[in-house]
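Working notes, beginning with the structure itself.
Just so it is clear, none of the values below were taken in a lab; they were calculated from the coordinates. Note that the structure is a prediction, hence the values are computed from the model and not measured. As a convention, Cβ positions derive from the backbone with ideal geometry for all residues, glycine included, and neighbour counts pool all protein chains shown.
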There are 2 protein chains.
Amino acid sequence: MGAHVFGAEKEKAINPAIGLELFHNFTLIHDDVMDDAHLRRGQPTVFKKWNTNTAILSGDALFAIASQYMTQIDDIHLRQMMELYHTTVIDVCKGQQYDMDFEKCASVSLDAYLEMIRLKTAVLPAACLKAGGIVANASASNLQKIYDFGILIGLAFQIKDDYLDLFGETAKFGKTQGGDIIANKKTWLYLKALEVAPKTKHEILTKAYHTKPENPSEKVATVKEIFLRLHIDKLALEEVRKYYKGAIEILNEVEAPDSRKELLRELAEVLVNREV
Amino acid sequence: MGAHVFGAEKEKAINPAIGLELFHNFTLIHDDVMDDAHLRRGQPTVFKKWNTNTAILSGDALFAIASQYMTQIDDIHLRQMMELYHTTVIDVCKGQQYDMDFEKCASVSLDAYLEMIRLKTAVLPAACLKAGGIVANASASNLQKIYDFGILIGLAFQIKDDYLDLFGETAKFGKTQGGDIIANKKTWLYLKALEVAPKTKHEILTKAYHTKPENPSEKVATVKEIFLRLHIDKLALEEVRKYYKGAIEILNEVEAPDSRKELLRELAEVLVNREV
């Protein structure tokens, strides 16, 4: 899509697209080890199916193979692509570290949370779009705009993800409702609640989040009720919409024929309106 | 040294040199997790000092930072350097996988062992020298020769390493004498012994290597005696010398002033004659 906006054929973009997809999968393989996640896309994770060593080493090798794909482009774009790619890798590593650090922090500001999801999640769609722009010879200012568009839809996507975990229809979303609450995950919902909650609710929230619940669904119900009273559900959707709007505004500024932006507009809409 | 042979100033080589050093350290951080190694250079390994997650993630980030250094060279060398670098990374991953696989194999051929140490160990000095050659604008044939020289001194180094583990002076080498035997590591010594041993010794060797010893130093003594009777110590040193000679022959063929090859000749000699 990033290449299409700027008029390039998809053949130009296919190798870096494969590279970024493989890079993403490498990070998932390692993240699943670090997060002790047993399922991914409904399948056992690599370290559960095989073992930790296999997950570490096949991740490393996949990272290198991803890097090879990133270089399968014209010479004139090679340096710019490598710079984007390496910066993105380092950003994603930082994001994962912040995510793990936050689990041990008593309090995390919403700003710190947004920076974490920017690094861990949003730089990837941003880098994908920019990579397409690079092979399409887009100008520096257009590359920056398409990147920023990617960041904003990435942030919107993650906050919607946090929202759906608790307020989505379980059947569609395919996860346990409130899984983040059970796992004491400091999501946007929780951090926003701490920001707006009066002192009494504050204590109930932090206490609920720092004890291992005997009855998980009871804990989810308690926290959900507090969230609803504080209108965190509405605030979350407003926040998603804010980023969505910002993304569309930037997309409008991208110098490209309007017809070529259609796919990206649809993408942004799908991500924001998704219910699963 | 690789740049120096072909007349380039070290400033040209410093960034990829840092990159390859960091890459090497990334592989050590992950290898130590996989091998459950508690000490490295006399210090606690990253995963022992911190934890496995820190070792996985800081390794990944270090890999990305190493890759950034590899690109800090002139545009005309960028593609060739990236190809060398990514191939080397994949080779080293393969070597580590073979090394772990071999631990579970009843028998490993000497050829398979040599291929394993070529991938796990020897491609690194080879890639370092070739990287220097690339920034020094060396010809394709000279690059191949300096690479092959690196492979041969890498193989010589590793077999000498296997030799010193059992026959080196403990104080100098700084490890437990026979540590490889205690750990049932299939070294060149062991595999060569299996190749040349008569059937009776063969059984004693394989049995010793497949039981957890009650008395480790007794096991080392038993195996060492068999090795000595089979002259494995002399055969190992002959093998080291064979690769050393092969390396010097290739170095002689490299088209460069003899004076500029002096450092590499010294390097080869130091690696082969080292006693620690």
As a check on your grasp of the helix formula, calculate [θ] at 222 nm for chain A: sum -39500 (n - 2.57) over DSSP H runs of n ≥ 4, divide by the residue count, round to the nearest 500.
-24000 deg cm²/dmol
What is the Cα convex hull volume of the protein assembly as shown when expressed per residue in Å³?
178 Å³
In degrees between 0 and 90, to the nearest 10, how far off the longest principal axis of chain A does helix A:262-273 point, with axes built from Cα atoms?
10 degrees
If one compares the long axis through the Cα atoms of helix A:199-209 with the longest principal axis of the Cα atoms of chain A, the angle in degrees, nearest 10, works out at 70 degrees
Fraction of the pair-distance distribution of the range A:2-268 above 27 Å, Cα-Cα pairs, percent:
45 percent
How tilted is helix A:52-70 with respect to the longest principal axis of chain A? Cα atoms for both, answer in degrees (0 to 90, nearest 10).
40 degrees
Order of A:K130, B:K48, B:K234 from fewest to most other C-beta atoms within 10 Å?
B:K234, B:K48, A:K130
Give me the distance in nm between label points sitting 7 Å out from Cα along the Cα-to-Cβ direction at A:K212 and A:T52, one decimal.
1.9 nm
Modelled label-to-label distance, A:T176 and A:D36, 7 Å Cα→beta-carbon offset: nm?
1.3 nm
Would you please give the residues with an amide H less than 5 Å from that of B:R40, counting only those at least 5 places away or on a separate chain, with H modeled from the backbone geometry?
B:T45
Calculate the dipole size of the protein assembly as shown relative to its Cα centre from +1 charges on Lys and Arg beta carbons and -1 charges on Asp and Glu beta carbons; express the result in debye to the nearest 20.
1040 debye
Of A:K212, A:K224, A:K12, which is the most mobile in a GNM of chain A whose springs link Cα atoms less than 10 angstrom apart?
A:K212
Taking 22 Å as R0, compute the FRET efficiency from the Cβ-Cβ separation of B:L263 and B:D74 and round it to 0.05.
0.40
Which of the lysines could a cross-linker span from B:K201 if the Cα-Cα distance has to be under 21 Å and same-chain partners fewer than 8 positions apart are dropped?
B:K185, B:K186, B:K192, B:K212, B:K219, B:K224, B:K234
Give me the dipole magnitude in Debye, nearest 20, for the range A:116-177 about the Cα centre, with unit charges on the beta carbon: positive for Lys and Arg, negative for Asp and Glu.
140 debye
Out of B:P257, B:G59, B:H38, whose Cα points farthest toward the positive end of the dipole of the protein assembly as shown (charges: +1 Lys, Arg; -1 Asp, Glu; placed on Cβ)?
B:H38
Binning at 10 Å from 0, report for the range B:1-138 what percent of all alpha-carbon pair distances ends up in each bin.
12, 36, 32, 17, 3
Given a Förster distance of 51 angstrom, what is the FRET efficiency for A:H231 paired with B:V276, based on the Cβ-Cβ distance and rounded to 0.05?
0.15
Mean-square fluctuation maximum in Gaussian network of chain A, Cα pairs under 10 Å, restricted to A:A55, A:A37, A:A66, hits A:A37
Take peptide A:47-60, look around each residue's Cβ out to 10 angstrom, count Cβ atoms belonging to other protein chains, and average those counts.
4
What ranking of A:T52, A:T187 emerges when the number of other C-beta atoms within 10 Å of each C-beta is taken as an exposure proxy, fewest first?
A:T52, A:T187
Can you give the Kirkwood hydrodynamic radius for the range A:1-44, in Å, rounded to one decimal and based on Cα pairs?
12.3 Å
Which one, B:A13, B:A236, B:A64, has the greatest fluctuation when you compute a Gaussian network model over chain B with C-alpha springs under 10 angstrom?
B:A64
